[in-house]
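Visitor: Take this structure first; my questions come after.
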Amino acid sequence: MRLLSLAFLATGLVLSLTGMGAAEPVPPAAVAIMDFQYLDTSGEVRDQTADHQARLKRFMSGLRQEVAASDQFRVVALACQPCALTDANAPELTEAARQAGADLLLVGGIQKMSTLVQWAKVALIDLKTDKKVLERLYTFRGDSDEAWRNAEGFIAGQIVSLYPRGDGN
């Protein structure tokens, strides 16, 4: 009996050292990331449109960089730049993402609710099934460069950590 146990142990050790029996690594999913929409419904008197456009541009650049830096995703560029999803162009942009080789499409938007509160809604769509594989609503406080950077880093980390790997993508 003891000899049999040693034989199984030795076989397991050999297999682990040679890599046999190890799971194949999951290749990164190709993701197209649409530019998020921005809506300010705070009612603030001062026009902050230019500030918000600049922050949104930096947010999108950082989001793309952080998602691409993970081992789970390969970001693919879309022919349209900038690409912003609307109800009217959704079918065309979804097809453009497929044509670019994307398995997934990341879409979202940010809404400023008040001086202190903003919402960011994010959805990751499987382009093979046209179903959402991830959808989240985040809130963040503040409307400063730092607040936007913190929100972008957190959201990117969430996308990477919550994406359900191994589902065929």
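The values are calculated or read from the model by the stated rules, or taken from the named source; none is laboratory data. Computed from a predicted model, the values in this text were never measured in an experiment. Neighbour counts run over all protein chains shown; Cβ positions are idealised from the backbone, glycine included.
Visitor: Exactly one condition in (1) in contact with a strand residue (DSSP E or B) (Cβ under 9 Å, 6 or more places away or on another chain); (2) not in a strand (DSSP E or B) is not met by G108; state its number.
Guide: Condition (2) is where G108 drops out.
Visitor: While we're here: Could you identify the single residue in A7, A50 that is part of a helix (DSSP H, G or I) and at pLDDT below 95?
Guide: Working: A50 fails: at pLDDT below 95.
Only one candidate passes the filter, namely A7.
Visitor: Would you be able to tell me the number of residues in region 29-69 that are farther than 20 Å from K121 by Cβ and among the acidic types (D, E)?
Guide: 3
Visitor: In addition: Based on what the data block shows, is T41 at pLDDT 75 or above, touching a Lys or Arg at 6+ places or on another chain (Cβ under 8 Å) and surrounded by fewer than 11 Cβ atoms within 10 Å (Cβ to Cβ)? Working first, answer last.
Guide: On the way: at pLDDT 75 or above: yes; touching a Lys or Arg at 6+ places or on another chain (Cβ under 8 Å): yes; surrounded by fewer than 11 Cβ atoms within 10 Å (Cβ to Cβ): yes.
Yes: the conditions hold for T41.
Visitor: If F140 passes every condition in (1) over 30 Å from P25 (Cα atoms); (2) of a type outside the set (V, I, T); (3) not in a strand (DSSP E or B) but one, which one does it miss?
Guide: Among (1) over 30 Å from P25 (Cα atoms); (2) of a type outside the set (V, I, T); (3) not in a strand (DSSP E or B), the lone unmet condition for F140 is (3).
Visitor: At positive phi and in contact (Cβ under 8 Å) with a residue 24 or more places away in the chain, is that true of G109?
Guide: no
Visitor: Any idea which of A100, A79, A22 is at pLDDT below 75, over 30 Å from S144 (Cα atoms) and hydrophobic (A, V, I, L, M, F, W, C)?
Guide: On the way: A100 fails: at pLDDT below 75; A79 fails: at pLDDT below 75.
It is A22.
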